[in-house]
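Beneath this line is the structure, given in structure tokens, with notes to follow.
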Amino acid sequence: MIRKKSPVFLFVILFYAVQLSGQVTNTELSRISVKGNAFVDEVGKIMVFRGLNTSDPDKLEKQGHWNKAYFEEIKNWGANVVRFPIHPRAWRERGEKEYIALLDQGIGWATELGLYIIIDWHSIGNLRSNLYQHPMYNTTLTETLEFWRAMALQYKDHNTVAFFELFNEPTVGSGRFGICSWGQWKEMMEEVITVIRVNGGKAVPLVAGFNWAYDLTPVKENPINAAGIAYVSHPYPQKREKPWEDQWTRDWGYAAEKYPLFLTEIGFCGADDRGAHIPVISDESYGDAITTYTREKGISYVVWVFDPQWSPMLFTDWEFTPSRQGKYFKKALQEANR
């Protein structure tokens, strides 16, 4: 006698099949893609993102703060996107399997709250010469390609993971980190994009400029040879002297006329504030300038950093008490994303 399987039995089988596949799937959030110089959802609605950077998920988990309450507070501040900076050293020390499990948790909480995700390979230095600003950023092109292959395979069907930021802050440090031309950097980034897409990755690749991800002037004459991408700048206040706006337009803002542009790190702190350092020292005048500039040009941004230890910090304790810049950007985010 053949017995009909119960709905509960079929659900359990389906659940375990998804778990064993090694991939996380999601259909709750609309898939983000590129159309012209804008990000759009699946019905063609233009999406402008305003959000917050976490500190490294590895750090947060070790300190007991990688939890849904943390993401709920990010949502309460008005964000619609959150950026995960993954340091190569943390990735190696935790190991691929355990780190992906950590990311799966965060992506699950973000999905429940309607937050999109940027996964950021958080290195600073020269990927060609393998010279970096600090040992925590040490990596190689091979490791970078392996990381993005793993991300593509894991999240190729997960709409919440909307962006892959290929390398946080490329720089040669005026030669301290060796030599790398824009053409050489462009070739490496094109290879990373190819590996992501051949392995099924659908997230929008974000490509940073030189000078610690500030300078996008080479894009004008020699853009990345790949469709469906966006560019990144980190225009901290001391990169240029006031008035900023015309210099921003020359250095990176002009790109927003042709490509989607994402400022994946902005922020400020006063000269006497805890953690003050070059290039972030400024005041609310910077906040006014950067929020007005991005609003007028439809540029997306993510503020650095939702942590009370890294700086410029957005809150000062684990009661989420806003810092000076936290007060400013909490209000700005809540107004922008109403």
Cα Rg, Dmax (largest Cα-Cα span) when computed across region 263-338, Å: 11.9, 35
For region 141-291, the fraction of alpha-carbon pairs in successive 10 Å shells from zero, as %: 11, 36, 33, 18, 2
Signed unit charges on C-beta, dipole axis of region 66-178, positive-most listed residue L145, N130, L102: N130
Reference-scaled alpha-carbon Rg (2.2 N^0.38 Å with N residues) for region 48-173: 1.04
Length-normalised contact order for the chain - Cα pairs under 8 Å, 6+ apart - percent: 18
Label-reachable residues, region 59-83, where backbone N falls under 20 Å from a point 7 Å from A150's Cα toward its Cβ: 59-63, 66, 83
Pairs of lysines in region 31-164 (C-alpha under 30 Å apart; 8 or more residues apart or interchain): 18
Convex hull of region 144-196 built on C-alpha atoms - directionally averaged projected area, nm²: 4.1
Cα-based Rg of region 58-114 normalised by 2.2 N^0.38 Å, two decimals: 1.14
log10 of Debye I(q)/I(0), alpha-carbon scatterers only, for region 208-280 at 0.13, 0.15, 0.23, 0.26 Å⁻¹: -0.40, -0.52, -1.03, -1.24
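Can you give the accessible area per residue of region 36-104, in Å², using a 1.4 Å probe?
For region 36-104, the per-residue accessible area is 40 Å².
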For H65, solvent-accessible area (1.4 Å; no DNA, RNA or ligand), Å²: 40
Region 82-139: mean projected area of Cα convex hull, nm²: 4.2
Alpha carbon convex hull of region 246-291, volume per residue in cubic angstrom: 86
Accessible surface of the chain, 1.4 Å probe, proportion on carbon and sulfur as whole %: 52
Rule-of-thumb Rg ratio for the chain [Cα; 2.2 N^0.38 Å; N residues]: 0.99
Span per principal axis, largest first, for the Cα atoms of region 122-174 (Å): 40, 18, 16
Cα-based convex hull volume of region 100-194 per residue, rounded to whole Å³: 103
Cβ crowding within 10 Å averaged over residues, with 177-183, 75-81 ranked highest first: 75-81, 177-183
Check: the chain dipole with +1 on Lys, Arg Cβ and -1 on Asp, Glu Cβ, in debye: 860
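The values are calculated or read from the model by the stated rules, or taken from the named source; none is laboratory data. None of these values were measured; they are calculated from a predicted model. Positions of Cβ are backbone-derived with ideal geometry, glycine not excepted, and every protein chain shown enters the neighbour counts. Side chains are part of the model used for accessible areas, which takes the heavy atoms of the whole protein and leaves out ligands, DNA and RNA. Shrake-Rupley method; radii C 1.70, N 1.55, O 1.52, S 1.80 Å.
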